[in-house]
């Protein structure tokens, strides 16, 4: 089985929010970033993969195994990092580690020790005494210490300084030197994805906008800028999102060559950053 | 092997890698049979996506510059000397074509261009 995660037609209904028809595939040996504005449904997808909440419809396979039927087996092979680290507040880090390690057959005490040292974590301190960043680092150390085949991380970089974020990203690309492993992480810090992510899945208002190799996005998605007189009705259909001002317009497109043909001159076409795409897609309301 | 990635360049990253490795093979800085880093290693070192490095290697392989031995690694291909010469000629041709189109754009005629080339050629000797 060459896919780490395979999701088909996933649906989850909440009061006032529905995650609908979510499908994407993460092959082994790659890193995928899950992006989207707050409340888009990123955490819901991650919770569904871990079977922490019940789904209304759809299929999830992790390492080719059904996420519900083989839950225990799958979880032993996942390193999970939660958005807000939660452990017993009064326990020391050492106690928490001792309680968690026995659950994992492949627990690597030596690796854990070196991560603790590298992250400068105080093992004798109580969990509640740590800053958010330290709690996150502790959680990451735990997730990395049992030779997980899939790292599933919900906003792991929030609250971390740029130096540690970069280190974490380096560690992730180190992890997939082993082609059997994969990483799926959600983030709204798009610069984390510009470099190392292989795939990017954008989710907005409960729906997948796209799930594509990052290179395809970087090559084809762009921003067209020009005077408003150039805005013909037919060109509007090319736009994924548009911002108009008194002085001109800026629009998101997903096919730079087609846009070049459509607007022969007088416009500027630039490559779109992941952040541009996220911002324009979020303003989907004024889409043409 | 040297690879420098520019994030501000309008050229896609895979093309930057492709071009730089190719130049090193043609110049002989990368010798025949020399091992290249794996796509994953290169991606990690350059802090870029695996898909990007894979694409660069795939194109180099298609163009006959490198060979991948599955399970072993990637190596600089044995270059056919005739072919290598042809490739080098092609680079010269491309650069000249570029100069010609620039010249045309600025309204510089063939005579003047010839003079320029002659001058440059002698200067270099």
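All of the numbers you see were taken from the coordinates with simple rules; none came from a lab. These numbers come from a predicted model, not from an experiment. A quick note on method: Cβ atoms are made from the backbone with ideal geometry, for glycine too, and the neighbour counts reach across all protein chains shown.
Key figures
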quantity	calculated
Cα convex hull of region A:109-263 - mean projected area over all directions, nm²	12.8
Space enclosed by the convex hull of the alpha-carbon atoms of region A:221-286, per residue, Å³	78
Exercise: per-residue mean of other protein chain Cβ atoms within 10 Å, A:194-200	5
Mean Cβ count within 10 Å, highest first, over the residues of peptides B:63-76, A:53-66, A:143-156, B:89-102	A:143-156, A:53-66, B:63-76, B:89-102
Separation of alpha-carbon centers, region B:1-41 and region B:62-108, rounded to whole Å	13
Percent of Cα pairs exceeding the 16 Å cut-off, where the set is region A:155-203	36
Distance between modelled label sites at residue B:15 and residue B:120, nm, 7 Å Cα→Cβ extension	2.2
Average beta-carbon neighbours from other chains, 10 Å sphere, peptide B:46-58	5
Shape of region B:13-76, Cα gyration tensor, a/c cut at 1.5	oblate
Average beta-carbon neighbours from other chains, 10 Å sphere, peptide B:7-14	2
Shape category assigned to chain B from the gyration tensor of Cα positions, a/c cut at 1.5	prolate
Protection proxy ranking, peptides B:23-36, B:111-124, A:161-174, A:32-45, average beta carbon neighbours within 10 Å, highest first	A:32-45, A:161-174, B:23-36, B:111-124
Descending semi-axes in Å of the protein assembly as shown, equivalent ellipsoid built from Cα gyration tensor	45, 30, 19
Three principal axis lengths of region B:81-123 [C-alpha, angstrom, descending]	38, 24, 12
Sequence ranges A:7-19, B:37-49, ranked by mean other-Cβ count within 10 angstrom, highest first	B:37-49, A:7-19
Rg(Cα)/(2.2 N^0.38 Å) for region A:3-213, N = residue count	0.99
Relative contact order of chain A, pairs being alpha-carbon contacts under 8 Å that are 6 or more residues apart, as %	21
FRET E, pair residue A:107, residue A:261, Förster distance 60 Å, beta-carbon r, rounded to 0.05	0.55
Max mean-square fluctuation residue, GNM over chain A, Cα-Cα springs under 10 Å, options A:116, A:203, A:74	A:116
For chain A, built as a Gaussian network whose Cα springs stay under 10 Å, the top-fluctuating residue of A:271, A:77, A:228	A:228
